[in-house]
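One structure is given here, and the rest of the page talks about it.
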Amino acid sequence: MAASWLKDAVFYEIYPQSFYDSNGDGIGDIPGVIQKLDYVKSLGCNAIWLNPCFDSPFKDAGYDVRDYKKVAPRYGTNEDLERLFREAHHRGMRILLDLVPGHTSEEHPWFRESQKEEKNAFSDRYIWTDSWISGGRGLNFVAGEAERASVYIVNFFKCQPALNYGFGRVEAPWQMAHDSPAALRTREAMKDVMRFWLDRGCDGFRVDMADSLVKNDDERKSFTSSVWRDVRAMLDADYPEAVLVSEWGAPKLALRAGFDMDFYLNNWGNGYSTLMRDYDQPVDNSYFRAAADRDINRFLDIYRDWYEDTRGLGYISLLTCNHDTPRPRRTLTERELKLCYAFLFTMPGVPFLYYGDEIGMRYLELPTKEGGYTRTGSRTPMQWKPGKNLGFSEAPSDQLYLPVDPASDAPTVAAEEGDPDSLLETVRALLALRHREEDLRAEGPFEALCTEKGSPFVYRRGSLYLAVNPSLEALTAPVDPEGRSPLFVLGGVSAERGGITLAPQSFAVLK
Ligand code: GLC
Ligand code: CA
């Protein structure tokens, strides 16, 4: 049973280094987030996921944590972060921090101790083999870096040694069991980190690589799941309002492991990319592209199964984008984005809006920064207003964390605000509608009513009918609106006994 505040939650993801620079050093910071809370709230977002803001050498933009209990100086102080919690709560908003439980930075004091030749309290905090040169048994490893005659297992980059939560199936003497004392100590250390921030007012965590903890797990990730169920028990007992959202991409497993929400990420061929990023082929067939040869079933086939299977356990989170994914504006026009967001924000579960997607920020082709590689182009500074650094920072432009969009028509909040046709105001209108209509919230039932190719996609949320037509022709769905009439329209609609007709590139909610 997920915390009740999620029923009407809409999240906004903030990449702290790129949101708002309050002190002119070229990097976004926590006081900057505080200054922009009213803006976030004005969108209709009542919760924030803040990407990692902890002390780090930033070889993976902060997903390489050096101190879990200290805010990175470039973002401010622990006191600033606590003030952010207070200021958010004061506005009825919640803050999730980003928890990276699977690995630390190679500069974390635990790892510095762990790599020593002499046995110590942290020797088994990470996963070490019994050879100095070989042998991850299928797991990625790094050799030649440690004092001890061992190689260590990594989760992602070389700088991210995997913490030791043990192994489900133990196949070698160096592999410890998932319930070995060392594995349990790692688990307790991570619970201690969570308590540290929950005690200071955070509302929960987005959990990085949540399925990665126990190695040699079975197909259902039973061992990793039991770690999370243990964490959940701690939350239920001491922090019943706290929530967890997983980077897992398998809600059937994650929601049973105790997560409140799981992201519908682009893995396991779940069809997410077919909505707006289907360009790894000769033609872009993204569902919301006007010219696509569209078929909503490429998404629904898996979505419906996952949705039906997890009802009542927690929520699937659909997202516009995140810091690892090309922004949807990379290929979608403003009109196409409106329809796409209309769909994402009227589906069940708890939606996530990535900062800047509400104004249609572009994906920029940029050289890598802090381990971003192709992800860098989605991490550029928020565009607040025309003029210097598009209002992100007072620093000289060549000192910004990343350059701002240089285009003369770079979208900004100031330019869109107050224009009812803008993407920004459309997002506001959609989110206001979602909050107003109880059927559109997380738990309102969902049913697909018309999924035929060449027809609008029509779906039901509770008593409401919704329809979307991304194509360039008017299309009719053979669905009787049963007396419902338009409540919210982008473009044009007519609803008659014979069917629901949508003008080209239109969306409608019928009540
Ligand atoms: C997750 C994060 C990503 C990071 C990786 C390693 O996928 O979203 O940004 O690089 O984990 O922590
Ligand atoms: Ca700053």
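Would you confirm, using the coordinates I've provided, whether residue 64 is among the charged types (D, E, K, R), within 12 Å of ligand 1 (Cβ to nearest atom) and crowded, with 19+ Cβ neighbours inside 10 Å?
yes
Given the conditions (1) surrounded by 17 or more Cβ atoms within 10 Å (Cβ to Cβ); (2) within 17 Å of the chain's Cα centre (by Cα); (3) in contact (Cβ under 8 Å) with a residue 24 or more places away in the chain, report the number of the one that residue 273 does not fulfil.
Single failed check for residue 273: (3).
For residue 414, only one of the following conditions fails: (1) outside any loop (DSSP other than H, G, I, E, B); (2) within 30 Å of residue 501 (Cβ to Cβ); (3) not polar (S, T, N, Q). What is its number?
(2)
So which of 368, 380 ends up being part of a loop (DSSP other than H, G, I, E, B), β-branched (Val, Ile, Thr) and without any contact (Cβ under 8 Å) to a residue 40 or more places away in the chain?
368
So, in region 168-188, of the ones that are touching a residue at least 24 places away in the same chain (Cβ under 8 Å) and in contact with a helix residue (DSSP H, G or I) (Cβ under 8 Å, 6 or more places away or on another chain), which residue ends up farthest from residue 317 (Cα to Cα)?
Out of the qualifying residues, it is 176.
Suppose we filter 305, 301, 284 for residues that are part of a loop (DSSP other than H, G, I, E, B), away from ligand 2 (no atom under 16 Å from the Cβ) and either among the charged types (D, E, K, R) or at pLDDT 95 or above (or both); which single one remains?
None of the others qualify; the one that does is 284.
For region 311-357, give me each residue that is β-branched (Val, Ile, Thr) and surrounded by fewer than 20 Cβ atoms within 10 Å (Cβ to Cβ).
331, 333
Could you please find all residues in region 179-216 being of a type in the set (Asp, Glu) and crowded, with 20+ Cβ neighbours inside 10 Å?
203, 208, 211
Does any residue in region 60-82 that is touching a residue at least 60 places away in the same chain (Cβ under 8 Å) come within less than 8 Å, Cβ to Cβ, of a residue that is away from ligand 1 (no atom under 16 Å from the Cβ) and assigned to a strand (DSSP E or B) six or more places away or on a different chain, and which pairs are these?
78/69; 78/70; 78/71; 81/71
Just checking, how many residues over region 23-51 are part of a loop (DSSP other than H, G, I, E, B), within 16 Å of ligand 2 (Cβ to nearest atom) and within 20 Å of the chain's Cα centre (by Cα)?
4
Considering only residues that are of a type outside the set (A, V, I, L, M, F, W, C), crowded, with 18+ Cβ neighbours inside 10 Å and within 16 Å of ligand 1 (Cβ to nearest atom), which ones fall in region 11-58?
Within region 11-58, 13, 15, 16, 17, 18, 51, 52, 55, 56 qualify.
The values are calculated or read from the model by the stated rules, or taken from the named source; none is laboratory data. Worth saying up front: this structure is predicted, and the values here are computed from it rather than measured. Neighbour counts run over all protein chains shown; Cβ positions are idealised from the backbone, glycine included.
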